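Heads up: the structure comes next, in structure tokens.
The values are calculated or read from the model by the stated rules, or taken from the named source; none is laboratory data. What you see is a predicted model, and the numbers here were worked out from it, not measured in a lab. All Cβ positions, even for glycine, are placed from backbone atoms using ideal geometry, and neighbour counts span all protein chains on display. For the accessible areas, the whole protein counts, side chains as well, though only heavy atoms, and no ligand, DNA or RNA atoms are used. Shrake-Rupley method; radii C 1.70, N 1.55, O 1.52, S 1.80 Å.
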Amino acid sequence: VVINSWIIVVRYIHIDPMGTCLAAKSAPDSSDKLSNKDQSAHRQIQDTLLVDEEKAKREKKILLLGSGSSGKSTIFRQLKCLYKSGLEALDHDEARQRNRQNMVKDMLKLLLNSERLHEKRLVSQSVDVKDSTILAAIHCVSEFREEQFEIPDSRVEDQDLLRLGTAIDKLWRLPAIQETFAKGRSYFAISENIEFFFNKATEVFHPNYTPSEKEVLLSRCMTTGVIDGRFNMNGTDFLIYDAGGQHSERRKWIVNFSGVTAILFVAALNHYNRVLFENETKNAMHDSVELFKEVINMRFFKATEIILFLNKKDLFIKLLQEGVYLSLCFDASQGWIEPMWDGTDANPYNYRPITEDKDQDAIHFDQCYNHAIDFISAVYQKQALNQAKRIYVHVTDATDRDLIENVFWDVQDIAIRANLRRGGLF
């Protein structure tokens, strides 16, 4: 009888495209056939569904989009730290596994590209494979190229972990590897922040290693599918979807489009000097701009607020200080159409240090930085077919918790005002 009563109830539940229960209609005269006990259970289920319906109406839905390695997942993890109980033990375990996998994979990629770039005379030094200690270190890293480093099921003995950490540390300190890392980022893809982990290789591969919160945030994680999380931000409920950014993942976004309050698109500023993991012939910022254009002009988002996070400002600043001009991305030689960035000395916004005056140098760099930010922001905003549509732009660093918290105050305000406008109250 209980099973039958459940069937009577769920048969009349309406599900919206987001998978949320919106209403529960009881079958005509169905409850008359139920016992008092079943009628009570029937009413309790209906009351629960009505409560869920009201909660769903109040909940603001945000879709976190962007190309691969833009920092979406780091923002998602920061929100867990800010508005939930913080990172879980599983987050630390997964970061340990990812960090070790990424270090093995990226060291092998550095070794391969060191030889390739040296042959093309793009770097001046090569790895001396005649050195028996270097060759032994290479063999050691290669030995673990397929290892998953899963805990507690890892097949790697403690002494082998220590041996691997020592090998990676030795290879990372080679001048040829350092030069390949410094000069090759626009030729091949490698994990963001991997330099941080290479510099502490022996610690990461120690059997008792547990990543700190900072290391969890810095750990590169490729999102597959769509991950969602509910957050209460200063009294407002948000349902945030983190969607995978690689090309193979984008087709999965469509199921999450309906009923979204805002799109939060994350673009990595330093990607003007990066290539895609899935296609190393494609500039990563070109891909990001193309994706942004595709997303904001979709009919699904005609009435949806668009928020653009220009992320990884810390890495962007470092590149500008090193004299890496935006012309590496926004130039005809790179397949870019318009607008162009003048990469010649005639452009006063190509940063060149003023070594004789530190104060003037700081002023000059700020001018170059601000002009570069304005240029990139304009590139993204010009992708909208409807130029009257407002795009909210924030410059962010996903690893900076205070900055993310401040920025999300604005995100909350934008989402709330959007709901009020839809209801004709603003």
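Multiply the residue gap between ALA332 and GLU157 by 0.36 nm, knock off their C-alpha separation, and tell me the result in nm, one decimal place. Each step should come with its number before you reach the end.
Details: separation 175, 0.36 × 175 = 63.00 nm, distance 5.22 nm.
Extending this stretch completely gives an extra 57.8 nm.
In Å², what does the accessible area per residue of the range 166-208 work out to with a 1.4 Å probe?
40
I need the GluC sites (Glu not before Pro) found in the range 276-381, filtered to DSSP loop residues with at most 16 other beta carbons within 10 Å of theirs. Write out the running numbers ahead of the final one.
Numbers: sites: GLU278, GLU280, GLU290, GLU294, GLU305, GLU322, GLU356; in loops: GLU278, GLU280, GLU322, GLU356.
Here the sparse-neighbourhood loop sites are GLU278, GLU280, GLU322, GLU356.
Please compute the length gained on full extension between MET298 and GLU405, using 0.36 nm multiplied by the number of residues separating them and subtracting their Cα-Cα distance.
Numbers: separation 107, 0.36 × 107 = 38.52 nm, distance 2.91 nm.
Full-extension gain reported as 35.6 nm.
Would you mind pulling out the separation of the Cα centroids of the range 268-321 and the range 153-224, in Å?
26
Among the aspartates and glutamates, select those whose C-alpha is under 12 Å from the C-alpha of LYS61, and discard any that sit fewer than 8 residues away in the same chain.
Qualifying aspartates and glutamates at Cα under 12 Å: ASP228, ASP237, ASP242, GLU305.
Can you give me the long-range amide H partners of GLY66? Hydrogens built in the peptide plane at 1.01 Å from N, cutoff under 5 Å, separation of 5 or more residues or another chain.
Residues meeting the amide H criterion: VAL266.
Along the Cα-to-Cβ line of ASN347, 7 Å from the Cα, sits a label point; which residues in the range 281-306 have backbone N less than 12 Å from it?
none
Looking at this model, which pairs from LYS200/LYS358; LYS109/LYS313; LYS120/LYS318; LYS120/LYS293; LYS72/LYS293 are more than 29 angstrom apart at the alpha-carbon?
Details: LYS200/LYS358 32 Å; LYS109/LYS313 26 Å; LYS120/LYS318 26 Å; LYS120/LYS293 35 Å; LYS72/LYS293 18 Å.
Distance filter (> 29 Å) returns LYS200/LYS358; LYS120/LYS293.
Filter the trypsin sites (Lys or Arg not before Pro) in the range 114-202 to those in DSSP coil with at most 12 other Cβ atoms within 10 Å of their Cβ, and list the result.
On the way: sites: ARG116, LYS120, ARG121, LYS130, ARG145, ARG155, ARG163, LYS170, ARG173, LYS183, ARG185, LYS200; in loops: LYS120, ARG121, LYS130, ARG145, ARG155, ARG173, ARG185, LYS200.
Answer in residue order: LYS120, ARG121, LYS130, ARG145, ARG155, ARG173.
Would you kindly state how much longer the chain becomes between ASN386 and SER85 on full extension, computed as 0.36 nm times their sequence separation minus their alpha carbon distance, in nm to one decimal? Please list the in-between numbers first.
On the way: separation 301, 0.36 × 301 = 108.36 nm, distance 4.07 nm.
Once the chain is fully extended between ASN386 and SER85, it gains 104.3 nm.
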